[in-house]
Every structure is written in C-alpha cells, then in structure tokens.
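Visitor: Below you will find the structure I want to go over with you.
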Amino acid sequence: MRLRNKKPKVLRPARLIVSPWLEKLGIKPQSLAVFEAWDRLLGAEASKARAVGMKQSVLFVDVDSSARMHDLTLRKPGLLRKLQGFFGPGTHDPFATEKAVSDIIFRISDEKR
C-alpha cells in the first residue's frame with residue numbers, strides 16, 4: 001500500500017471562518033460576545049429579558065413584561081457597569097473595547113413566551 005503525500009490540514013480559528021458570514025448577516029462578532037455576557041449576567045432571567053441587537057454601543061433588550069422592564073430599568077446602572085467590566089481594559093477578548101456597551105434600551109417584546 002502506497003501512502004500519498006497529503007498536505008497537512010491547517011486548523012483555523014472558528015472566529016476567522018464564521019466572522020465573514022456573520023458580517024454578511026449584519027451581525028458583528030462583538031455583539032455576540034455582549035449577548036453572551038448579558039446571558040451570564042442575568043442567568044435564568046435572561047430568557048425573559050433577551051438581548052436582541054446592538055447599534056454602535058447601545059444594547060437592545062426585549063423583555064416579557066412591563067414589571068420586568070421597570071425592575072431592569074432600576075438595575076440598569078449596575079447592569080451596565082458589570083457589562084462594561086466584562087469588556088474593559090485588561091480583558092483578553094480580541095473584540096474588547098473600553099465602552100463595548102454604553103447604554104441599554106429595554107422594550108416590551110411582541111413575542112409570546
């Protein structure tokens with residue numbers, strides 16, 4: 001049996017493969033990192049207050065009720081500070097910026113949960 005001279009496969013980071021496709025869909029990789037940080041920050045509550053988009057450094061969050069929107073609005077300064085802590089100086093995230101999230105806009109979701 002004769003072995004062929006095959007070129008070794010080169011592994012590329014998934015970020016390099018996925019990023020161009022996300023950009024075609026209008027999704028920035030930094031947004032995905034912010035969405036993940038939001039989910040970690042809220043834990044189980046994240047299913048009722050879902051990060052749905054970003055424009056510049058403003059995070060848009062759909063909430064399931066006006067009561068939850070009121071609660072999150074009261075907690076907004078702390079939530080914003082914690083989110084900024086995820087992406088502040090000294091992080092190892094290549095998409096990190098000092099102000100990855102400058103504001104959070106809460107809105108009532110049209111979807112039934």
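The values are calculated or read from the model by the stated rules, or taken from the named source; none is laboratory data. Just so it is clear, the model here is predicted, and its values are computed rather than measured. Note that each Cβ is placed from the backbone with ideal geometry, even for glycine, and that neighbours are counted across all protein chains shown.
Visitor: Find the residue count for the range 83-113, including only residues that are under 14 Å from residue 49 (Cβ atoms) and at pLDDT 85 or above.
Guide: Total meeting the criteria: 7.
Visitor: In this structure, is residue 34 within 18 Å of residue 86 (Cα to Cα) and buried (at least 17 other Cβ atoms within 10 Å of the Cβ)?
Guide: yes
Visitor: Looking at this structure, is residue 19 within 17 Å of the chain's Cα centre (by Cα), more than 19 Å from residue 81 (Cα to Cα), buried (at least 16 other Cβ atoms within 10 Å of the Cβ) and at pLDDT below 90?
Guide: Answer is yes for this residue.
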